[in-house]
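Written out below as structure tokens is the structure these notes cover.
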Amino acid sequence: MTEEDRKNRVVTPPEGAVDDIGRLLQMAGPRQTAGSEMVDRVHDEVHAEWRERVKTQRRLRRVRRGTFGLLAAAGLVAAVWFAVRLATPRLPIAEGQIAVLEKVDGSAYEMEAKRKTVARSRQLQSGEGIDGGTIIETSGGSRAALILSNGVSLRLDLGTRLRLINEALLILDRGRVYLDSGSGDALPGIEIRTPFGAVRDIGTQFDTSVSHSELRIRVREGRVDLSRDGDVYETKAGSQLTLAADGTLTRSLLPMWGSDWGWVQTAAPQFQLEGSTLADYLAWASRETGLDVEFADASIEADAPGIELHGTLRSLLPEQSWDAVLPTCGLDYQLQAGRVIITRIAA
């Protein structure tokens, strides 16, 4: 039997087996088979629908994974931020007054820190108490002198911004400061933090200046240590250390008197001459000028603690005061390479 005969063949069921449905099927005749074009079209449509559903399912999986990833990343960032907050100690800002503004030559301001800027809050006056955490700024033509409650003398040069955290910690944003912590070992070391590193004094007189390009440390007495990236650089009396922004470190010698320290005298608070002794005055003048005091006659040194002084130095700088004070005591002086030699006025 050929394929054509098989397609057109009519099957006759046995007698009595044909019901109504059977008769309908007989009347309908044989089914027509779908052509190859129709088969291909149906196959393509089904396949396209299947591919679209697969794509949709993949997109949903990616969205779920992406959402989970974002949430996980956000959680990780939050955890890291929280951990850093816990690991980073807050600045130990002292409560209450920690210093007194002894002198202002020009204008000094208390600054208020805002979100991204620091703005002037009010002008400070001589004799005013300074609380822990206060930011002080001097204008481009002003200087200021403070005395910390632990007895340390602190001075700010022109255009300086300094934050007083507590008696032992200062933050220098810009400008220059001078610190005199005394010649003894009784006072604790003070740390000055700068963008270039932390500067710590070891019983000393020194100044530190900060600009956008460098940090400079000049030591008049004692020793200063600079800590940076785990390294410590020591600077001793009579020397200067400069650290450039590119990391270059240079050292040089520096006299402990003279014009390099002139601004320190300009910012110095006034010495109370009335009621003090000659010995008190000489100790003050020596420390402010960087000059060692020597006596041509041992008897002058012996008499100095008992000689009482009167009057005022007014606006005289320490290096100018020799001529005003010594003659009233029957004394004169000579300057010789870092020394002031006290002599008696010849009769």
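Taken together, the values in this text are just the output of simple stated rules run on the coordinates, not laboratory data. This one's a predicted model, so the numbers in the text were calculated from it and none came from an experiment. Positions of Cβ are generated from backbone atoms using ideal geometry, with glycine treated the same way; all protein chains shown enter the neighbour counts.
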Worksheet entry | Ordering of 113-126, 163-176 by packing [mean C-beta count within 10 Å, highest first] | 163-176, 113-126
Worksheet item: Roughly how many Å is it from the Cα centre of the range 136-170 to that of the range 286-347, as a whole number?
Response: 29
Worksheet item: How far is the Cα center of the range 106-122 from the Cα center of the range 212-259, in Å?
Response: 29
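Return a whole-number percent for the relative contact order of the range 160-224, with Cα pairs under 8 Å and 6 or more residues apart as the contact set.
On the way: 140 pairs, mean separation 18.6, N = 65.
Worked out over the range 160-224, it gives 29 percent.
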Practice prompt. Starting from the Cα of Thr242, move 7 Å in the Cα-to-Cβ direction to define the label point; list residues of the range 196-216 whose amide nitrogen is under 15 Å from there.
Written response: 208-216
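What is the sum of charges around Val340, taking Lys and Arg as +1, Asp and Glu as -1, for the other residues whose C-beta is under 11 Å from the C-beta of Val340? Display every interim value, and only then the final one.
On the way: positive: Arg339; negative: Asp292, Glu294, Glu319, Asp332.
Taking every Cβ under 11 Å from that of Val340, the sum is -3.
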Discussion item. Run the paramagnetic zone check for Gln272: 7 angstrom along Cα to Cβ, then residues of the range 303-322 with backbone nitrogen under 19 Å.
Written reply: 305-316, 318
Worksheet entry | Where a label projected 7 Å from the Cα of Asp260 along Cα→Cβ would reach, residues of the range 307-343 with amide N under 17 Å | 337-339
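Mind checking the range 246-347 for trypsin sites (Lys or Arg not before Pro) that DSSP puts in a loop (not H, G, I, E or B) and that have at most 16 other Cβ atoms within 10 Å? Spell out each step's value before the answer.
Details: sites: Arg251, Arg287, Arg314, Arg339, Arg344; in loops: Arg314.
Qualifying residues, ordered by number: Arg314.
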Discussion item. Within a 10 angstrom radius of the beta carbon, how do Asp229, Asp207 rank from fewest other beta carbons to most?
Written reply: Asp229, Asp207
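On full extension of the chain, what length is gained from Leu317 through Ser107, given 0.36 nm per residue of separation minus the C-alpha to C-alpha distance?
Details: separation 210, 0.36 × 210 = 75.60 nm, distance 1.94 nm.
This chain segment gains 73.7 nm when fully extended.
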